[in-house]
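What follows is a short report on a single structure.
The values are calculated or read from the model by the stated rules, or taken from the named source; none is laboratory data. Since we're looking at a predicted model, the values are computed, not measured. Backbone-built Cβ (ideal geometry, glycine too); neighbour counts: all protein chains shown. Please note that ligands, DNA and RNA were not included when accessible areas were found on the heavy atoms of the full protein model with its side chains. Shrake-Rupley method; radii C 1.70, N 1.55, O 1.52, S 1.80 Å.
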Amino acid sequence: QVQVVESGGGLVQPGGSLRLSCAASGSMFRFSAMSWHRQAPGKQRELVAAITSSSSTNYADSVKGRFTISRDNAKNTVYLQMNSLKPGDTAVYYCRYSRLSLDYWGQGTQVSVSS
């Protein structure tokens, strides 16, 4: 069983920045694919950004140029740097750990963008 824990959410004004962190347990982190997803009230959960074990990345069109996903295998941690935040980015952000057809999700962290 892999434990996944997100942190770093909060309330920020439009145009501001936040960095989310996601720590995963276990010794196989460096072989995992990691991704961030978000779910706004009344909407389906959507993929925000993903990073493979070789650090290839992809992003949702809505966040390209504003968000950056990265990983630190020495710390078993993946990050999501979010810049130029908009009210439409308000959601619960979830981290997913994927390896060998198994997925583990964190409990989510709330990001609210409002003046």
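Brief remarks follow.
- Low-density loop cleavage sites - trypsin sites (Lys or Arg not before Pro) in the range 3-45, where at most 16 other Cβ are within 10 Å (DSSP): Lys43, Arg45
- Across q = 0.14, 0.16, 0.19 Å⁻¹, the chain modelled as identical point scatterers on its alpha-carbon atoms has Debye log10 I(q)/I(0) values of -0.51, -0.67, -0.93, in the order of the q list.
- When all protein chains stay in place and ligands, DNA and RNA are ignored, the 1.4 Å accessible-area order of Trp105, Trp36, largest first, is Trp105, Trp36.
- DSSP-loop trypsin sites (Lys or Arg not before Pro) across the range 61-115, with at most 12 other Cβ within 10 angstrom: Lys64
- Of interest is the spacing of the C-alpha centroids, which for the range 31-65 and the range 13-30 amounts to 12 Å.
- Three semi-axes describe the equivalent ellipsoid of the range 1-69; taken as square roots of 5 times the Cα gyration tensor eigenvalues and ordered largest first, they are 22, 15, 13 Å.
- Solvent-accessible area per residue for the chain (1.4 angstrom probe, square angstrom): 53 Å²
- Solvent-accessible area, 1.4 Å probe, carbon plus sulfur percent, for the chain: 48 percent
- Mean-square fluctuations from a GNM of the chain, with a 10 angstrom spring cutoff on Cα atoms, peak among Gly26, Gly16, Gly42 at Gly42.
- List Ser84, Ser27, Ser98, ordered by accessible area with a 1.4 Å probe, largest first: Ser27, Ser84, Ser98
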